[in-house]
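The values are calculated or read from the model by the stated rules, or taken from the named source; none is laboratory data. Treat the numbers as computed from the prediction; the structure is a model and nothing was measured. Reconstructed Cβ throughout: ideal geometry from the backbone, glycine too, with neighbour counts over all protein chains shown.
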Amino acid sequence: MTAPAPPAPPSYRSTVAGEARDGFGRLLLAEWTKLRTVPRWTLTLLAAVVLMVAVAMLSASDSGSSGPEEKRSPTAQLQIIDLGHYTYLPLAGDGSVVARVTSQDGGGAWAKAGLMIRGSAERGAPYAALAVTPGHGVRMLTGYRRDGAGGGTATAPQWLRLTRAGAAVTGYASADGRAWRRVGSVRVDGLRGRALAGMFVAAPDEVEVRRVFGGEIISGKPGDTTATFDNVAVSPPAPDAAWLDRGGPGGPAADPALDGSTRSGGTFTLKGTGDIGPDEFAPDVTKATLAGAMIGQAAIVALAVLFMTAEYRRGTLRTTFAASPRRGRVLAAKAVVVGLASLAAGLVAAFASVLLARPLLESGGIAPPPVSDPAVLRAVVGTAALLAVLAVFALAVAVIVRRSAVAIAAVLLVLLVPEITATGLPVAAARWVERVTPAAGFAIQQTVTRYDAAIGPWAGLGVLCAYTAAALAAAAWLLRRRDA
Amino acid sequence: MEATIEVRGLRKRFGSTVAVDDLSFTVGPGRVTGFVGPNGAGKSTTMRMIMGLDRPDAGAALVGGRPYRSLRTPLCRLGAMLDASAVHPARRARDHLRWLAHANGLPARRVDEVIEQAGLGSAARRRAGGFSLGMRQRLGIAAALLGDPPVLMFDEPVNGLDPEGIAWIRGLLRSLAAEGRAVLVSSHLMSELEGGADHLLVIGRGRLIADTRVEDLLAAASDGRVELRTERRREAMTVLARAGATVTTSGSDALIVTGPTAERVIELLTGEGVAFSGISAHRASLEEAYMELTKDALEFQAVAGGEAR
């Protein structure tokens, strides 16, 4: 500050400043250019696809051990169970059925005693049911789903009423037979014209899973339940119709101690074993086909981590922030780019897996559900979404720890360790591990609600998203705060 | 948008080390400003703070009157090469420039223009990992020029370059400054800036030691000194010392005399009959001036711990 400044020459003006543009779109383009111009990164993305498809093909060609001749029953194909005991009268068209469940005994919290209107007595037929349960209140059930509208704490004795108008069936419950409350209404596709109306009991299998490290012992026995009904009325009454029974396989009353119905005056006692609902032991073919995501994720995680840590290691992060000083936006652009790239790779891999595994599975005697099936479509698209979210999660962790090896190891450990340790933990603890760790995201691949499902598909993905959001927030905070 | 960098009371501490300590200066347009100081003096930290990469503990830095982090298309305001090796080795040089151009929405032709300007030529199609240091420096300079900015900042741009490369960069910096741009160049060797810089910021231990025009600094360092060439060195030294001059040898037949004027030295030597072959006002090298400066500054700091000269 001592030297007198010489007369200042005119300041230079940038000749391109007028053309320069700022914006998130430009930033996306910049990050995408970064991603695609490092050949080993595009190869990693490709490797993720190849690995996933390869695993799908391998597992598909391996799974035909039961032999092509074996015919699978229609309910097994549908992956449902349609057992229990049903006592019914014909219902010609619209009408209703009413009864009071006076007592219910045995079968666990999900034992069902109630009313059912169904298309036919055939197994797998469409139905609507209203049931009281010991542990889950009064429920409106349909479509062989585990759950339905309703709930609460009501138990037997309970008045129930089911009315049918075309394909729409509505359920009402009452404590005294006078004041009715609506439980729910369902549309039963396939319920046309003649139908059946009556009472049913059902109980899920009692499954005991014991974990030993590296495997599990599953023992299940059919649950049995008994319930009594009175004040039974089907209207309009069918002339000359007698009550009919549908029991477990092997004909009505195969084992009179467990299955059957007795009537004394206006009181019916129904005994039944087995459930009406999803097959909790059904193999999840789609999930098995998409299991390659467990392998493919390693490539995706590595890519997402390197996409960030390379900037630290090579010192290009300073160049990046010099061009785009708003660091939160840079992180967002990186997340979008690596997420979309992973989503695209995931979509290709998941669709290719399901489509290419199909002929192999069919030649092995397994009929995989079609891709158009909503659950399968959700699993396939969900697998791609899962990989996209995982990529963003890995990116955020990479920002936090800044080292490739540490970040990759940390993310993969967090994803894989729960899966591995869960097999060695007591079942209840294992469920919680599978519920509260980021690995819960893999639940999106379930297409069958199995006995060992820890968490629902969307809830599972939600758990992973929550972890990702938290990691991303921490990453953004650190990125703004730290010196580049 | 003025082509200036203004630094006001900048301070930065890393743990217990004070990297930059109350630094203030202005870099003006139309000249090359050298930013000199030993390694670890805080030059790079200062440059990072100017670019908003490091957060100052106190003070502020403005580029063209605005904080860097508030700039929307910063590549058009300030171009910088902080570290020539900061390139992904697997990426082609051209792609490196391309993503950078995208980030500020710069037209694609700029990429070709700076490749030309930096003399990268066909190497732009090669992956940066195979580049020599000289090529990396050229790529870094190309990146800095991408937005055709009025302010340029280079951290040790000639470090490790061959003489040809040094000459090229020196010429480039001069021509950029001649267009009216502000150019800030750091170096830990004063000799690297010899003939390259018009203005100097000398920094030591994070503090500003000098903010001066190169001419003024050289004049001050050369002040009153006379360079004498004589075969009879010993006699000359005796004669001059007796007259109260300070004499140092600077070669086998060269002496530097401090104190008397050139006329007085001639008078003394001819009076005693000591022959000499040449006498001239001594012109200090930038290195010498720097040594002189830092020596004084250190003494001054030790005594007063106060403001730099």
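At-a-glance table
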read-out	value
Restricting the stretch A:307-360 to residues that are within 31 Å of the chain's Cα centre (by Cα) and within 13 Å of chain B (Cβ to nearest Cβ), the residue that is farthest from B:Asp83 (Cα to Cα)	A:Val337
Among the candidates A:Pro237, A:Pro204, residue that is at pLDDT 80 or above, within 34 Å of the chain's Cα centre (by Cα) and either in a loop (DSSP other than H, G, I, E, B) or not β-branched (Val, Ile, Thr) (or both)	A:Pro204
B:Gly79 vs. criteria touching a Gly at 6+ places or on another chain (Cβ under 9 Å), at pLDDT 95 or above and either facing another protein chain (nearest Cβ under 9 Å) or under 29 Å from A:Phe307 (Cα atoms) (or both)	yes
Residue within the stretch B:59-70 that is on the phi > 0 side of the Ramachandran plot and either facing another protein chain (nearest Cβ under 10 Å) or buried (at least 21 other Cβ atoms within 10 Å of the Cβ) (or both) present	yes
Every pair of residues 6+ apart whose Cβ atoms lie under 6 Å, when the first sits in the stretch A:382-400 and is touching a residue at least 60 places away in the same chain (Cβ under 8 Å) and assigned to a helix (DSSP H, G or I) while the second is hydroxyl-bearing (Ser, Thr, Tyr) and surrounded by fewer than 24 Cβ atoms within 10 Å (Cβ to Cβ)	A:Ala398/A:Thr309
B:Thr33 within 12 Å of chain A (Cβ to nearest Cβ), among the hydroxyl-bearing types (Ser, Thr, Tyr) and free of Cβ contacts under 8 Å to residues at least 60 places away in the same chain	no
From B:Asp54, B:Asp21, residue being part of a strand (DSSP E or B) and farther than 20 Å from B:Ala142 by Cα	B:Asp21
Number of the condition not met by A:Asp483 [criteria: (1) part of a helix (DSSP H, G or I); (2) modelled with pLDDT of 85 or more]	(1)
Segments classed as helices (runs of 4 or more DSSP H), wholly inside the stretch B:196-305, with at least 1 members that are under 15 Å from the mean Cα position of the chain (by Cα) and within 29 Å of B:Trp168 (Cβ to Cβ)	B:214-222, B:286-304
Failed condition for B:Ala123, given (1) in contact with a Phe, Trp or Tyr (Cβ under 8 Å, 6 or more places away or on another chain); (2) more than 7 Å from every other protein chain (Cβ to nearest Cβ); (3) not in a helix (DSSP H, G or I)	(3)
Residue tally, condition at the interface with chain A (Cβ under 7 Å from one of its Cβ atoms) and either closer than 23 Å to B:Ser132 by Cβ or free of Cβ contacts under 8 Å to residues at least 40 places away in the same chain (or both), over the stretch B:86-113	15
Test result for A:Arg40, surrounded by 13 or more Cβ atoms within 10 Å (Cβ to Cβ), at pLDDT 90 or above and basic (Lys, Arg)	no
In the stretch A:265-323, the residues that are of a type in the set (Asp, Glu) and at pLDDT 90 or above	A:Glu311
Filtered residues of the stretch B:1-40 (kept if over 18 Å from B:His199 (Cα atoms) and in contact with an Asp or Glu (Cβ under 7 Å, 6 or more places away or on another chain))	B:Gly9, B:Arg11, B:Lys12, B:Arg13
Breaking point among (1) surrounded by fewer than 21 Cβ atoms within 10 Å (Cβ to Cβ); (2) more than 30 Å from A:Pro374 (Cα to Cα), for A:Ala323	(1)
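A quick yes/no check of all residues on (1) crowded, with 22+ Cβ neighbours inside 10 Å; (2) under 22 Å from B:Pro157 (Cβ atoms); (3) in the same structural domain as B:Asp148 (by TED's automatic domain parsing); (4) touching a helix residue (DSSP H, G or I) at 6+ places or on another chain (Cβ under 9 Å):
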position: B:Gly40; (1), (2), (3), (4): no, yes, yes, no
position: B:Ala84; (1), (2), (3), (4): yes, yes, yes, yes
position: B:Trp99; (1), (2), (3), (4): yes, no, yes, yes
position: B:Ala103; (1), (2), (3), (4): yes, no, yes, yes
position: B:Asp112; (1), (2), (3), (4): no, no, yes, yes
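Residue-by-condition table, conditions (1) surrounded by fewer than 22 Cβ atoms within 10 Å (Cβ to Cβ); (2) in a helix (DSSP H, G or I):
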| site | (1), (2) |
| --- | --- |
| A:Glu311 | no, yes |
| A:Val338 | no, yes |
| A:Leu355 | yes, yes |
| A:Gly365 | yes, no |
